[in-house]
Amino acid sequence: MMTKEQYIESLRGLNLNLYRFGKKVENVVDDPIVRPSLNSFAETYALAEDPQYEDLMTATSNLTGKKVNRFTHLHQSTDDLIKKVKMQRLLGQKTAACFQRCVGMDAANAVYSTTYETDKECGTKYYDNFVKFWTMIQENDYGVDGAMTDVKGDRGLSPSQQADPDLFLHVVERTPDGVYVTGAKAHQTGYLNSHYVIVMPTISMREGDEDYAISFACPTDEKGITLILGRQSCDTRKTEEFNSIDVGNPTYGGHEVLVIFDRVFIPNDMIFLNGETKFAGMMVERFAGYHRQSYGGCKVGVGDVLIGATATAVEMAGAAKASHVKDKLIEMTHLNETLYACGIACSSQGAPTDAGNYLIDLLLANVCKQNVTRFPYEIARLAQDLAGGLMVTQPSEADYRNPETHDYIEKYLKGVSSVPTEDRMRILRLIENMTMGTAAVGYLPESMHGAGSPQAQRIMIARQSNMGQKKQLAKDIAGVK
């Protein structure tokens, strides 16, 4: 396994074609906007080195028999699924941000089982391709991104019916050695900090969509790939001279990029699905299930930090003993632990796939994510309620450091006399960052839309609810023949 330092140095060898704010980024690793997200990703390596977290952060590979980072592991039991959620909560607690490596782990487990079943029915060699690829990932402890979300264009039309065929990533040319693909993947979390990307279809496919039923892996800096950084609220605070306080979370963060594929060549041995429309839906459903499980861990860990920051803020203001304050903190905790309970529940009820790796209970995973689309927003609302207006009206750090205005701020932003004003400002900025700033992208909008927006979970809940059985239970008890 790589150390944190080895991982960071390995990224310097990538040649990513990244643009942000209208200019090409020559040094992605040290870019002030990107670096906090790299620091979050790097924690997945740092914690794996720490003996106290070894049980959560590492596992024994079923492919090689060697010790691997759990983020490259193919789940072999319900215990693995539970440890995954606990690991994600831990990293959320350590970074208070999106640490980005979950997507690749979830993609790998979905592709592993789907390729096995595709080969079994179609006589293809996708499973062998994937096992070879993923063994290489484990041996090198590479970071992997997962890319599913297409830009979709007209949502009322299938991929092959779009006015512009590139609005869903698709095969534009087939050769004896591989395929060329064109299109884009949106909302890509962790791409800039990964060595490889696994690309998957974004929806179930039908006859006529064969060119869009494509899954493959390639290096993140493959020729023909262009990256455009997504804009986040308050992101330019990271570039200011005085930003230790104002960014809220000075070390960690996340990023999103739009990934454009312009005739990118994919060799045959890196292809995991190529025209088998029947199995595109299986891959999508399984990835979505794994990723919806993930939110019962990562968002809970971030929630732990937000609850702690809120409790600290009310103490600094001298309001901790008020009954309504205590009740709101209890409600925040109740909501957060409910999300965790859902993540643990869908993990404990998992079962093996035909390939041998374990899949979570899909119904409970969708229930987990449906709750995640709601509860973090209420937790954030209560945090803002208790933090007070100073969270968004306090002066800048530059004014705090200015001798002409420092003493005024020091005097008039004081809460409890024993608490340094600067400490109070830091906690309030952290709450602002987590509920409104750059970290909010990875907490609130990601809670809503990550792994599919709310309606996607409701469709799956309806599909998996076994309503016929429920109706029969009622008929049996009521004596209805």
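Could you please state, rounded to a whole Å, how far the C-alpha centre of the stretch 386-438 is from the C-alpha centre of the stretch 96-120? Comparing the Cα centres of the stretch 386-438 and the stretch 96-120, I get a distance of 42 Å. Taking the Cα centre of the chain as origin and assigning +1 to Lys and Arg Cβ atoms and -1 to Asp and Glu Cβ atoms, the resulting dipole is close to 1360 debye.
Could you tell me whether the stretch 113-218 comes out rounded, prolate or oblate from its Cα gyration tensor? Rule is a ≥ b ≥ c as square roots of the eigenvalues, rounded for a/c under 1.5, then prolate if a/b exceeds b/c, otherwise oblate. Since a/c reaches 1.5 but b/c is at least a/b, the shape of the stretch 113-218 is classed as oblate. Orientation-averaged projection of the stretch 186-289 equals 8.6 nm² [convex hull of Cα atoms, one quarter of hull surface area].
Each distinct pair of alpha carbons in the chain adds a 1/r term; the inverse of their mean, the Kirkwood radius, is 23.5 Å.
Relative to the longest principal axis of the Cα atoms of the chain, the long axis of helix 467-478 makes an angle of roughly 80 degrees.
Counting only heavy atoms of the protein chains and using a 1.4 Å probe, VAL480 has close to 80 Å² of accessible surface. Taking a straight Cα-Cα cut-off under 15 Å and skipping sequence neighbours fewer than 8 places away in the same chain, the aspartates and glutamates within cross-link reach of LYS67 are GLU49, ASP50, GLU54, ASP55, ASP80, GLU139, ASP141. Other residues lying with their Cβ under 9 Å from the Cβ of ALA213 contribute a combined charge of -3, Lys and Arg counting +1, Asp and Glu -1. Roughly how many Å is it from the Cα centre of the stretch 1-72 to that of the stretch 272-316, as a whole number? Centre-to-centre distance over Cα atoms comes out at 19 Å.
Working note: 222 nm ellipticity from helices only, DSSP H runs with n ≥ 4, each -39,500 (n - 2.57), summed and divided by the residues of the chain, gives -16000 deg cm²/dmol to the nearest 500.
Order the peptides 87-94, 153-160, 378-385 from the highest to the lowest mean number of other Cβ atoms within 10 Å of their residues.
On the way: 87-94: 23.8, 153-160: 13.5, 378-385: 18.9.
Final packing ranking: 87-94, 378-385, 153-160.
Taking amide H as placed 1.01 Å from N in the peptide plane, the amide H of ILE198 sits under 5 Å from that of ASP145, GLY146, ALA147, each at least 5 places away or on another chain. Principal-axis analysis of the Cα atoms of the chain puts helix 421-435 at an angle of about 30° to the longest axis.
Using alpha-carbon pairs under 8 Å, 6+ residues apart, how would you state the relative contact order of the stretch 175-268 in percent?
In percent, rounded to a whole number, it is 51.
Hey, which of these cross-link pairs are over 27 Å Cα-Cα: LYS23/LYS238; LYS132/LYS299; LYS24/LYS185? Check vs 27 Å cut-off fails for LYS132/LYS299. Heavy-atom accessible area with a 1.4 Å probe sorts ASP141, ASP166, largest first, into ASP166, ASP141. Cα axis of helix 375-387 to longest principal axis of the chain: angle in degrees, 0 to 90, nearest 10? Helix 375-387 sits at roughly 10 degrees to that axis.
Counting protein heavy atoms only, the chain has 52 percent of its accessible area on carbon and sulfur, 1.4 angstrom probe.
Per residue, the chain exposes 41 Å² of accessible surface when a 1.4 Å probe is rolled over the protein heavy atoms with every protein chain present.
Which of the three applies to the stretch 250-406, rounded, prolate or oblate, going by the alpha-carbon gyration tensor with a ≥ b ≥ c and a/c under 1.5 meaning rounded?
Because a/c hits 1.5 or more and a/b fails to exceed b/c, the stretch 250-406 counts as oblate.
Among the GluC sites (Glu not before Pro) in the stretch 130-221, those placed in a DSSP loop whose Cβ has at most 10 other Cβ atoms within 10 Å are GLU207.
The values are calculated or read from the model by the stated rules, or taken from the named source; none is laboratory data. Please read these numbers as outputs of a predicted model, since none were measured by experiment. With ideal geometry, Cβ positions are generated from the backbone for all residues, glycine too; neighbour counts draw on all protein chains shown. All accessible areas refer to the heavy atoms of the entire protein, side chains included, with ligands and DNA or RNA removed. Shrake-Rupley method; radii C 1.70, N 1.55, O 1.52, S 1.80 Å.
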